[in-house]
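Structure first, then comments.
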Amino acid sequence: MPQPEDLVIRRPEGLYCPAGDFHIDPWRPVERAVITHAHADHARGGHARYLGSASGEGVLRARLGGITLQTLAYGERIDVNGVTVSLHPAGHVLGSAQVRLEHAGRVWVVSGDYKTEPDPTCAPFEAVRCDCFITECTFGLPIYRWRPAGEVFGEINAWWQGNVAAGRPSLLLGYSFGKAQRLLAGVDAGIGPIVVHSAVTPLNEAYRAEGVRLPPTLGFSEVKDKALWQRALVVAPPSAARGPMARTLQHASDAMASGWMQLRGARRRAGLDRGFVLSDHADWPGLVGAIVATGAERVIVTHGQEGVLVRWLQEQGLQAEAMETAYGDERANDEGGPESDAASATARAAVAPSSDQDQA
């Protein structure tokens, strides 16, 4: 339940800071919006003024166009109506930030989406000490425990090499912002040419403008030699697999990179040849470690498997509760896709009453 001294409350427009009179990742138009990152479920159009991280400016403008945007470097502080606001790396995607709020001796942090595993395409997650931590929990079940990304990329490269040997294209599905760039940065570009969907290209440009190293890529219209397709890795969003591209790549081996691929049956339901477990969200150990590192005595859990994490935190002696938000729509989120709802249901069914054991 909200308390009179709460620095962040839920309103119909979204998360709201009453003391500073601004919103954080609001889902309805507001006067002033502080944005954690540029995924569409967190950064929406229609706000009068935006505040975001300096490193995320390019992707925000690529997605939202000519917005009125003020930016902050990570760690830089500003005063907003008496509330000290600063942004700190979330490790999720380029420019992703946690929002730190300080007012009247209290410190709250809103995490946005985050992951704790290092990623060469964005600044690493930074634990921020606070009294209250508002955390996501997209993968907030003990069954979610990620293997090191290097191992997963080894599997992706081996799959691609096998397809080259068989003379067939490799279609790798990953969301156009964040996941696609992480895939490009992690694969072995020496195996063959890399072709990207048109939705990926402008975001690649924003990443390169921020100094992120990505391998050379081709657009679909640039592929003139049909023989090139037989060696190519094609990186595209999941929705593209159901469009005209599917006819061009009808003999391709297809795969998806997603945290949902850890669930038995998710790949089969999606009708894919392969599923690679690679997420841009924290797994269970990552969530727990991040929360503990904040030193927060109060934790508010949003968008994901809230109940399990809230119960676990309460068992550890913390004041924990859930808050309903509008984040996490599978069409907007980088971890979504046609299998997301079914995958989530499978995950819930897989959790035994004693939810603190690893069932992966």
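The values are calculated or read from the model by the stated rules, or taken from the named source; none is laboratory data. Note that this is a predicted model, so its numbers are computed, not measured. All Cβ positions, glycine included, derive from the backbone under ideal geometry; neighbour counts span all protein chains shown.
Structure summary
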| item | result |
| --- | --- |
| Condition broken by GLY259, with the remaining ones in (1) in contact with a strand residue (DSSP E or B) (Cβ under 9 Å, 6 or more places away or on another chain); (2) within 30 Å of VAL109 (Cβ to Cβ) satisfied | (1) |
| Counted residues, the stretch 197-230 - those being surrounded by 16 or more Cβ atoms within 10 Å (Cβ to Cβ), modelled with pLDDT of 95 or more and more than 20 Å from the chain's Cα centre (by Cα) | 2 |
| Cβ-Cβ under 7 Å pairs, at least 6 apart or on other chains, the stretch 285-298 side assigned by TED's automatic domain parsing to the domain that holds GLY259 and at pLDDT below 95, far side surrounded by fewer than 24 Cβ atoms within 10 Å (Cβ to Cβ) and among the small types (Gly, Ala, Ser) | none |
| Selection status of GLY178, in the same structural domain as ALA232 (by TED's automatic domain parsing) and in contact with an Asp or Glu (Cβ under 9 Å, 6 or more places away or on another chain) | yes |
| The stretch 314-331, residues that are of a type outside the set (D, E, K, R) and assigned to a loop (DSSP other than H, G, I, E, B) | GLN316, GLY317, LEU318, THR325, ALA326, TYR327, GLY328 |
| Residue tally, condition free of Cβ contacts under 8 Å to residues at least 24 places away in the same chain, of a type in the set (D, E, K, R) and either under 22 Å from LEU94 (Cβ atoms) or not assigned by TED's automatic domain parsing to the domain that holds VAL83 (or both), over the stretch 13-48 | 1 |
| Among the residues listed as VAL83, VAL59, VAL99, VAL93, the single one being surrounded by 24 or more Cβ atoms within 10 Å (Cβ to Cβ), assigned by TED's automatic domain parsing to the domain that holds VAL30 and closer than 18 Å to ALA19 by Cβ | VAL99 |
| Selection from the stretch 198-228 of residues that are over 30 Å from ALA73 (Cβ atoms) and in a helix (DSSP H, G or I) | PHE220, SER221, GLU222, LYS226, ALA227, LEU228 |
| Output for the stretch 110-146, where each listed residue is more than 16 Å from the chain's Cα centre (by Cα) and acidic (Asp, Glu) | ASP131 |
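Quick grid of which residues meet (1) in the same structural domain as GLU117 (by TED's automatic domain parsing); (2) over 20 Å from ASP280 (Cα atoms); (3) under 23 Å from the mean Cα position of the chain (by Cα); (4) not in a loop (DSSP other than H, G, I, E, B):
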residue: PHE153; (1), (2), (3), (4): no, no, yes, yes
residue: TRP159; (1), (2), (3), (4): no, yes, no, yes
residue: GLY162; (1), (2), (3), (4): no, yes, no, yes
residue: ALA165; (1), (2), (3), (4): no, yes, no, yes
residue: ALA185; (1), (2), (3), (4): no, no, yes, yes
residue: VAL195; (1), (2), (3), (4): no, yes, yes, yes
